[in-house]
Structures are given as C-alpha cells and as structure tokens.
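What follows is one structure encoded as structure tokens, with my remarks underneath.
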Amino acid sequence: MNKEIKIGKRLIGGDAPTFIIAEMSANHNMDFDRAVAILRAAKEAGADAVKIQTYTADTITLDCDDPCFQITQGTLWDGMTLHKLYETAYTPWEWQPKLKRLAEEMGLEFFSSPFDLTAVDFLEELDVPAYKVASFEINDIPMIRKIARLGKPVILATGIAHLSDIELAVRTCREEGNENVILLKCTSAYPAPYEDVNLRTIPAMAETFDCITGLSDHTMGAAVPGAAVALGARVIEKHLTLRRADGGADSAFSMEPHEFREMVDNIRRIELALGRVTYELSPKAAREREHSRSLFVARDMKAGEVFTPENLRSVRPADGLHTKYYEELLGRRIARDARLGTPMSWDLVDFGQEDR
C-alpha cells in the first residue's frame, strides 16, 4: 500500500501533519444554514477536511417495521426503526454540491461516505477527492469494488469488522489496482467507552496491512485522538456540531467547535513533541547540562591532604571532573592548596603519592 496519499491538496503520511476530518453527519439537523455554519466552524477549529454522508432512508434500508429493522442494540436511537432514523439524519443530496463548493472556497477538503452504488455515482459527478467507507458498509464488497476502481483514496472504517472483513475489503481494493487505502480504527459505540477503544490496534493494523492508519473516534473529549497520534495515527476523524444542546441524531457524542479547536491544537503539539529518534542534545539541553553533576573540592584543603568523602564530593554544576573518577581519586593527595568550591581537575592530583 502507498505510504503517502494525497486527498485534494493535503498529503497524508510521510512527514505530513495528521489529517484531521470534521464529520458533519446528521448535525445539520436538516437546516442548510446550520450545515454551512458547521463548515465555517470546522475551518476555524483547524480541520483539514469536512466529511458528510450520502444516502437517503430508501437507499440505506427498507421501510419496514419487522423486528430486524428495529434498533434495539442499546444505542441512542433505540425504539426507532432504521428507516425512521435515517429519514431524520440524512444530508439532502441537493445540498451537497453547494456544500462542497463552499468548503473548497474555505480551503477545506470535502468528501463523503456513500451508502449505495447510486451514491457513488452521485459523488463521482461531484468529483470528490476521496471516499470513506463507513464501518457498517465494510462488508459491502460490490460498493467497495466500485469505489476502488475509481482510483481515488479509500478510507475504510473498521468499527464492526472482523479481521477477515478488513482483509477482504483491502484485498478487493488491491484487486482493482487501488493501493491508496487508509484504515481507521473505530469503536462503533455512541459514545464509545474508553476501555473499548484499544488504540494499540492502530500500529498493529499498520504493520499487518502495510498501510496508513488512523482513528475514527466516538469517545468524549480529546484525550483519545491525541494518544492515537502518539501511537502513529495519521488521520483523525471526529464528529463536529455547533452545540450539543441543540440536539440531533449524533449531537450527544459530537465535539463543539472550541473542543475541536483544543483537540487540533493538542495534536499539533504532540506532533512537535514526537520529533524523531535521536540521542543528540538540543542547544537548550546542552546548556542545561552545565548544571549536571561533577566532582568538586568540598572543603578548604592544603597541599598534600588526602581526598576523602568529606572533602571530595559529586555536586552540581558540571565544571569539574566526571563523577566516574570519584573512587579513583579517593585516597590520593591534592597537589596544591584549594578552597571549597574548586572544580576538580587532574592538575589538582598529586600522582606521586597515594594513601589508601
């Protein structure tokens, strides 16, 4: 798999900064002006991209009240049918060209998760720069194959996937000649409990599938995305809303703009702190080393006196001999008078006499 992938003007992988996606999802609450406001909030909060979802209730499920279409998995949406939920959560397709244009004018990348083959066709007409496959669609192999053939980056969320599901999805992309695959560790719980996140999977997944990895996060707060970046995540996706109190299908586990900004700032700090593998001292650390330990005369001494633990000590700063010579010097005699606070040096040692 490619280790450097471009989505629009943004490079992902290599030495590039973490690619940060604001997921709008249903947080527009069926209000176009609110959707535009979320775009602006994403830009101001430091996001690189905004992602939406492209489906209708009829393209994603059936209008059926049978038990298997009822939501009963202990989610925020229990008591609804799938069709009823998606009727309230979808992003009208007629908005999407306008939102894409506005996002790009703001300098944001803009793409979507399609949920059926017609949505792929629609998004390709919009010329989106990438495709995200949602966790629950990772086993929709016909759709993944159709997306992969387009040659654009494919971001696969793995929230409800077995290892075999991930293997099949990745293999499908490769079969279609698409090596631009990014895998996102995801926990499909809303919000996700911290103990179920298992961030150590991110570097393991990168090694197993030899690809760029990241995190689609549904936990509360910014701690988990920061930790993911420290473990090698190159993509972070978080839901963004204007105010959780405004309600909506996804608001309860979404970030508000000031929280998203804090997350982005923390990630950028973490990137600086990660740096590179080195044992070299920075210029500042080299100066600070001057306050390290070394050997000093700890009492006024006359020529010929013997060095003892009382008059030769390891103290700060680092102006004297290295402390590794301490035991070698004990029992030897001082070559000349020296007062308390004199840095120890070899010319202070009388090598002709030793008194052990």
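Tabulated results
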read-out	value
Mean Cα-pair separation over length for the chain, i.e. relative contact order, pairs under 8 Å, 6 or more apart, %	15 percent
Stokes-Einstein D (µm²/s) once Rh is taken as the Kirkwood radius of region 266-341 over alpha-carbon pairs, at 4 °C in 1.567 mPa s	87 µm²/s
Span from the region 169-203 Cα centroid across to the region 253-268 one, whole angstrom	22 Å
For the chain: accessible area per residue (Å², 1.4 Å)	49 Å²
Of all accessible heavy-atom area on region 111-157, the percent that carbon and sulfur account for (1.4 Å)	51 percent
Net dipole in debye of region 217-356 [+1 Lys, Arg Cβ; -1 Asp, Glu Cβ; about Cα centre; nearest 20]	200 debye
Selected from Glu271, Glu288, Glu175 as most flexible by GNM, with the chain as the system and alpha-carbon contacts under 10 Å	Glu288
Mean shadow area of region 219-300 over all directions, Cα convex hull, nm²	9.5 nm²
Solvent-accessible area, 1.4 Å probe, carbon plus sulfur percent, for region 1-61	44 percent
Cβ charges +1 (Lys, Arg) and -1 (Asp, Glu), total dipole of the chain, debye	1560 debye
Computed FRET value (nearest 0.05) for Lys3 with Ile160, which takes r as the C-beta separation and R₀ as 35 Å	0.85
Qualifying chymotrypsin sites (Phe, Trp or Tyr not before Pro) in region 266-356, DSSP loop, other Cβ atoms within 10 Å at most 16	Tyr279
Cross-link reach list, lysines versus Lys324, counting only Cα pairs under 30 Å and skipping chain neighbours closer than eight places	Lys284, Lys302
For region 18-121, alpha-carbon Rg over 2.2 N^0.38 Å	1.17
GNM flexibility winner over the chain from Lys146, Lys284, Lys238 (Cα, springs under 10 Å)	Lys284
Pairs from Lys100/Lys152; Lys6/Lys100; Lys51/Lys146; Lys84/Lys185; Lys98/Lys185 whose Cα-Cα separation, in the structure shown, is over 26 Å	Lys84/Lys185; Lys98/Lys185
DSSP H segments from the chain that extend 24 Å or more along their own axis, Cα-based, with Kyte-Doolittle mean of -1.0 or above	257-274
Fluctuation leader among Glu328, Glu262, Glu124 - the chain, Gaussian network, Cα springs under 10 angstrom	Glu328
Relative counts (whole %) of C-alpha pair distances in region 90-163, using bins that are 5 Å wide	3, 16, 28, 23, 18, 9, 3, 1
Rg/Rh ratio calculated on Cα atoms of region 47-202 (Kirkwood radius)	0.96
Convex hull volume per residue for region 156-310, taking Cα atoms only, in Å³	233 Å³
Computed magnitude of the charge dipole of region 174-239 (debye, nearest 20; Cβ of K, R +1, Cβ of D, E -1)	240 debye
Stokes-Einstein translational diffusion, the chain - Kirkwood Rh over all Cα pairs, 1.306 mPa s, 10 °C, in µm²/s	67 µm²/s
Computed lengthening from Cys64 to Asp337, 0.36 nm per intervening residue step minus Cα-Cα distance	88.4 nm
Per principal axis, descending, Cα span of region 40-98 in whole Å	43, 27, 13
Percent carbon-and-sulfur accessible area, region 198-356, ignoring ligands, DNA and RNA, probe 1.4 Å	50 percent
Per residue Cα convex hull volume in Å³ - calculated over region 129-220	86 Å³
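The values are calculated or read from the model by the stated rules, or taken from the named source; none is laboratory data. As the structure is a prediction and not an experimental result, all values here were calculated from the model. All Cβ positions, even for glycine, are placed from backbone atoms using ideal geometry, and neighbour counts span all protein chains on display. Each accessible area value is taken on the protein alone, full model and side chains, heavy atoms only, with ligands, DNA and RNA left out. Shrake-Rupley method; radii C 1.70, N 1.55, O 1.52, S 1.80 Å.
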